[in-house]
Amino acid sequence: MFRSWIVLGFADIGRIEEATALNAAILEHCRRIGDRYMEPESLRPAGELALAGGNLRSGAAERLFHEAITIAQAHGARCWELCAAMSLAALLQNCGQRKEATACLELVLVSFADGLSTVDLVDVTVFLTSLD
């Protein structure tokens, strides 16, 4: 989990090559040792990095976000699913696909019966409100 924050931190300060190399190493490590639970949180930053060049409609980023969501669902990793869905929804919203962005988040949000006051779920609610 903290590794992805380091990757995104490098990206935030413009060190894209280092972020990409570190994330690739993390993803390779997850796959080598069979850590499928953490894999979604390595795929999501890979998607964010695919967008770092300013290409808002990156097919690679969208595929990575979908893959992260699918793997998170398979492992019951709802928080990772939520994070990947937020990244995908932001991409869709930036591409003018508000309906798709809303649908993406609503599918994940309904799986949370409790904890709706947590920071991540509040962020999703605020984001959904901004799409209306």
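Laid out as a table, the results:
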item: Neighbour cut-off at most 14 other Cβ (10 Å), DSSP loop, trypsin sites (Lys or Arg not before Pro), region 32-132; result: 36, 57
item: Per-selection metrics, region 25-132 (Cα): Rg and Dmax in Å; result: 13.7, 43
item: Mean separation of Cα contacts under 8 Å, 6 or more apart, over the residue count of region 2-131: relative contact order %; result: 17
item: The chain - charge dipole about Cα centre, Lys and Arg +1 at Cβ, Asp and Glu -1, debye rounded to 20; result: 240
item: Residue-count net charge about residue 121 - beta-carbon cut-off 13 Å; Lys, Arg +1, Asp, Glu -1; result: -4
item: C-alpha center-to-center spacing [region 12-27, region 91-132] in angstrom; result: 27
item: Structure-based [θ]222 nm, the chain - -39500 (n - 2.57) summed over DSSP H runs of at least 4, per residue, nearest 500; result: -24000 deg cm²/dmol
item: Alpha-carbon Rg with Dmax, taken over region 39-95, Å; result: 10.3, 32
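Read-outs: derived from the displayed coordinates by stated rules, not from any lab. Quantities reported herein were computed from a predicted structural model and do not represent experimental measurements. Here the Cβ is made from the backbone with ideal geometry for all residues, glycine too, and neighbour counts use every protein chain on show.
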